[in-house]
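What follows is a set of notes on a single structure, which appears directly below.
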Amino acid sequence: MAKYEAVIGLEVHVQIRTASKMFCSCPNKFGAEPNTMVCPVCMGYPGTMPVPNHEAIRKTVAAGLMTSCKIAEYSKFDRKNYFYPDMPKSYQISQYDLPFCSAGRVHIGGKGFSGAPLPEKFIGITRIHLEEDVGKSNHLGHKSGIDYNRAGVPLMEIVSEPDMRSADEAHAYLTALKQAIQYAEIGDCDMEKGQMRCDVNISVRPEGTEKFGTKVEIKNLNSFRSVHRSIIYEIKRQSKMVDAGEKINQETRGWNDNDGETYLLRSKECAHDYRYFPEPDLMPVRFTQDDIEQIRKSIPEHPEAIRARFVESYGLTPYDAQVLTLEKEMSEYFEAAASKSETPKTVANWICSELMRELSDAAISIKDCKIKPEQLAALVKLINDGTINGKIAKEVFADMFKDGGNPADIVKAKGLVQVTDESAVVGFVQQVIDSNPDQVKQYLDGKKTVIQFLVGQVMKISRGKANPPLAIKILKEKLGE
């Protein structure tokens, strides 16, 4: 088989977090009873007029600024005409040739989803435009129904350049894009609720060539994992077709997550099929540079800048910084705890290992965690002060995660203060030496690793309260070192 290079671009749809829909006052809310959040405007009744949602426009511009886009001072809405049951007006108010944002970029690098290293590069963003979402089709057996609650919800479409060459790069791009949107509180990006949806455009070409192959679109992928898997599958499918001399048609395909393969939906539409024309019921949108600067001042620190600051200010590794900034709430939690600790790297270690594992096992987010940032910092201080050792700290941490509370109070109530009095530890050590003559002989005969077993016995009889370095020191002294 010849070697082929994939050419990948993504179209990402993100619902914008607003109180009301894009062109009417219906609530923008997930989970209501079907067709209870609709009105004559979003249902397309004759004679109704749309009114643009100012906050949705502002947040679209903010998304452009978070991704280094050029913001258009003059923009307009257009009608995208098509007949489909989920679009009540038989057209969608969207944007065509004059979007709000264009010519942006997203930085990727580090490790990919598969664990392989990624090249440091920028993925270009062609455009970010604003439109209204459509309804949701529900299929039950031989019956179908449409829930129009989602119709009219403000929706950004973020179109990338075909700059990605692997499934890992596509996954990294999506992760970085989602972070930027969540950090700026533009949208929640919950893919299970349909708040973030992704289409993949992919073709293959022989390595070393410039001409693009025939593009295939994979539609409506609802998880980052599905995006990753579908790209891997489609690269293999298209490569085999080219090797066999078969023609690849421009088409739209779906993804069967259970079977792990794509399937044909329809031949691909082109822009002229939608008969775009300027929306006659809406005026163009104009921005001054002052307007754009005011929005720029409102956006938060970019997650990439936060990662760099975590490395520089707190001494974290790039990997730990990446893990701690995957979610905005987690990065805020770490910073709140680190600001109250003399050893922020230790705080990061506890979050990345113990806390994240417990959160995953309990299937809860950091927002629902009972351990407050200042309490985690206090636990780390108890370790640093020698009040408790690492083993006891894990026991205290488990209690804190379950019931909350101050770590010092838990240590006091359970009598878990570390024994650092040398005379007490000498007593524990002597008991271990007397009770384990065979292991003592092995150590004296040159098997130095036995010291770990003996220290473990000291910790056992002291109920974990002996100071381990002190126990090692006394053991070596007693055994003639």
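Kindly provide the set of residues from segment 288-307 that are surrounded by 14 or more Cβ atoms within 10 Å (Cβ to Cβ) and without any contact (Cβ under 8 Å) to a residue 12 or more places away in the chain, ordered by number.
Asp291
For segment 323-334, enumerate the residues that are in contact (Cβ under 8 Å) with a residue 40 or more places away in the chain and either aromatic (Phe, Trp, Tyr) or touching a helix residue (DSSP H, G or I) at 6+ places or on another chain (Cβ under 6 Å) (or both).
Listed by number, the residues that qualify are Thr325, Lys328, Tyr333.
Just a yes or no: is a residue in segment 90-99 farther than 29 Å from His54 by Cβ and β-branched (Val, Ile, Thr)?
no
Return the total of residues in segment 209-223 being outside any loop (DSSP other than H, G, I, E, B) and either out of contact with any helix residue (DSSP H, G or I) (no Cβ under 8 Å at 6 or more places or on another chain) or not assigned by TED's automatic domain parsing to the domain that holds Arg253 (or both).
Total satisfying the criteria: 3.
So which residues in segment 443-474 are within 52 Å of the chain's Cα centre (by Cα) and either more than 27 Å from Glu395 (Cα to Cα) or in the same structural domain as Asp385 (by TED's automatic domain parsing) (or both)?
Within segment 443-474, Tyr443, Gly446, Lys447, Lys448 meet the criteria.
Out of all the residues in segment 326-358, which are within 22 Å of Asp188 (Cα to Cα) and buried (at least 18 other Cβ atoms within 10 Å of the Cβ)?
Result: Glu327, Met330, Ser331, Tyr333, Phe334, Glu335.
Given the criterion among the small types (Gly, Ala, Ser), buried (at least 18 other Cβ atoms within 10 Å of the Cβ) and farther than 16 Å from Glu335 by Cβ, identify the matching residue among Ala362, Ala393, Ala398.
Just a single option satisfies the conditions, and that option is Ala393.
Need pairs with beta-carbon distance below 9 Å; first residue closer than 17 Å to Ile146 by Cα and within segment 17-38, second acidic (Asp, Glu) and surrounded by fewer than 18 Cβ atoms within 10 Å (Cβ to Cβ); sequence gap 6+ or separate chains.
Note: pairs meeting the criteria are Phe30/Asp188; Phe30/Asp190.
When the residues of segment 435-465 are narrowed to those that are touching a helix residue (DSSP H, G or I) at 6+ places or on another chain (Cβ under 9 Å) and either of a type in the set (Asp, Glu) or touching a residue at least 60 places away in the same chain (Cβ under 8 Å) (or both), which ends up farthest from Lys412 (Cα to Cα)?
Met459
Only strands (runs of 3 or more DSSP E) wholly contained in segment 45-145 count here; list those with 2 or more residues that are among the charged types (D, E, K, R).
Ranges flagged: 78-81, 101-111, 117-132.
Report whether or not Arg229 is in a helix (DSSP H, G or I) and either of a type in the set (Ser, Thr, Tyr) or closer than 23 Å to Val12 by Cβ (or both).
yes
Of the conditions (1) touching a residue at least 40 places away in the same chain (Cβ under 8 Å); (2) out of contact with any Phe, Trp or Tyr (no Cβ under 8 Å at 6 or more places or on another chain); (3) surrounded by 18 or more Cβ atoms within 10 Å (Cβ to Cβ); (4) within 26 Å of Gly9 (Cα to Cα), Ala116 satisfies every one except a single condition; which number is it?
(3)
Within segment 1-31, track down each residue that is modelled with pLDDT of 95 or more and assigned to a loop (DSSP other than H, G, I, E, B).
Within segment 1-31, Ile16, Arg17, Thr18, Ala19, Lys21, Met22, Phe23, Cys24, Ser25, Cys26, Asn28 qualify.
Check whether at least one residue in segment 187-199 is over 15 Å from the mean Cα position of the chain (by Cα), part of a strand (DSSP E or B), crowded, with 23+ Cβ neighbours inside 10 Å and modelled with pLDDT of 95 or more, and report yes or no.
no
The values are calculated or read from the model by the stated rules, or taken from the named source; none is laboratory data. Here the structure is a predicted model, which means the values were calculated and not measured. In this analysis, Cβ positions are derived from the backbone assuming ideal geometry, glycine residues included, and neighbour counts consider all displayed protein chains.
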